[in-house]
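Let me begin by presenting the structure, written as structure tokens, before commenting on it.
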């Protein structure tokens with residue numbers, strides 16, 4: 001037994017030594033060809049990231065025959081209206097271009113504008129003889145200098161990620177393999193940025209819908225937090241501004257002010273809410289063969305609470321929040337009683 005182990009170990013050392021010699025020889029050869037080395041390094045970097053989240057388009061799996069959606073446009077989408085439930089006069093950011101903005105009117109896109117176009121029409125904004133770059137700030141809802149703008153995240157990475165779409169609690173952007181896709185929660189559910197999916201509103205402290213839908217430039221609206229008795233929001237110009245009462249005080253909706261806790265009927269169990277298992281489930285490759293073109297959402301083969309997301313031949317399995325089922329009709333997780341309705 002001892003002899004067998006020694007022989008196996010010697011063979012392994014020799015094998016590793018040969019591998020090392022080969023790799024060193026290959027590296028010397030590549031160092032004499034810097035352009036090829038750079039190309040290989042870029043390719044390997046992309047491949048390493050790809051392995052984390054996405055299978056190869058050639059992976060085995062169940063074939064799916066569907067109509068390709070390679071012309072997907074999140075702003076011209078019949079499935080989800082980006083201006084839905086957005087009051088007139090509210091401007092939305094443009095994903096992928098921080099200098100653009102969207103003007104909504106009657107729940108439709110009135111115009112896709114550009115801050116740089118505004119600058120061209122007004123020399124007081126930018127001196128035409130000097131470099132000037134403007135961006136749209138979705139928080140302040142103004143065009144300003146780019147270094148002061150709070151731009152939306154981008155979808156440049158190959159990895160799966162998501163972020164809330166401004167002025168709404170229900171819409172969010174799902175990023176995968178560099179493709180932004182607009183998503184929307186249904187049935188009163190809201191986007192939870194802690195889990196990258198739709199969740200029950202009591203677990204999501206978002207009031208942006210209420211602020212945006214009741215937008216009036218001259219109005220100031222106060223809304224209590226769903227997560228903390230001492231926190232509230234001041235809605236101005238359609239945007240919620242988070243506020244915190246002093247220690248020992250709680251927000252009182254009757255007077256729209258901070259008050260002594262004994263005068264406020266607040267039943268939020270902050271401790272119980274904060275220990276909820278907020279976690280992003282590990283990414284799993286889809287066990288189907290995704291279409292080579294377009295973006296697609298498919299029901300899971302054996303689970304009602306999961307689904308497949310495919311982008312140009314690469315796919316992952318995504319889970320719904322516990323208690324929700326995937327609805328192929330709206331391509332999103334929702335309450336079981338509304339699935340298929």
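The values are calculated or read from the model by the stated rules, or taken from the named source; none is laboratory data. Fair warning: this is a prediction, and the values are worked out from it, not measured in the lab. Backbone-built Cβ (ideal geometry, glycine too); neighbour counts: all protein chains shown.
Every condition in (1) closer than 23 Å to residue 155 by Cβ; (2) buried (at least 16 other Cβ atoms within 10 Å of the Cβ); (3) touching a helix residue (DSSP H, G or I) at 6+ places or on another chain (Cβ under 7 Å); (4) at pLDDT below 90 is met by residue 125 except one, and the failing one is (1).
Looking across region 288-321, the residues that are over 21 Å from the mean Cα position of the chain (by Cα), under 20 Å from residue 158 (Cβ atoms) and not in a strand (DSSP E or B) come down to 290, 291, 292, 293.
For residue 102, the conditions (1) surrounded by 17 or more Cβ atoms within 10 Å (Cβ to Cβ); (2) modelled with pLDDT under 90 are fulfilled apart from (2). Could you please let me know if residue 157 is crowded, with 22+ Cβ neighbours inside 10 Å and within 26 Å of residue 312 (Cα to Cα)? Judged against the criteria, residue 157 is not a match. Can you tell me which of (1) in contact with a strand residue (DSSP E or B) (Cβ under 6 Å, 6 or more places away or on another chain); (2) touching a residue at least 24 places away in the same chain (Cβ under 8 Å); (3) within 22 Å of residue 81 (Cβ to Cβ) is the one residue 175 doesn't meet? Condition (2) is where residue 175 drops out. Comparison of 112, 95 shows that the only residue that is touching a strand residue (DSSP E or B) at 6+ places or on another chain (Cβ under 6 Å), at pLDDT 75 or above and part of a loop (DSSP other than H, G, I, E, B) is 95.
Among the residues of region 190-214, which ones are within 25 Å of residue 311 (Cα to Cα) and in contact with a strand residue (DSSP E or B) (Cβ under 8 Å, 6 or more places away or on another chain)? Give the derivation first.
Here is the first cut: in region 190-214, the ones within 25 Å of residue 311 (Cα to Cα) are 190-199.
190, 191, 192, 193, 196, 197, 198, 199 - these are the residues of region 190-214 that are within 25 Å of residue 311 (Cα to Cα) and in contact with a strand residue (DSSP E or B) (Cβ under 8 Å, 6 or more places away or on another chain).
Every test in (1) under 24 Å from residue 208 (Cβ atoms); (2) out of contact with any helix residue (DSSP H, G or I) (no Cβ under 7 Å at 6 or more places or on another chain); (3) surrounded by 14 or more Cβ atoms within 10 Å (Cβ to Cβ); (4) in contact (Cβ under 8 Å) with a residue 12 or more places away in the chain is passed by residue 112 save one, and that test is (3).
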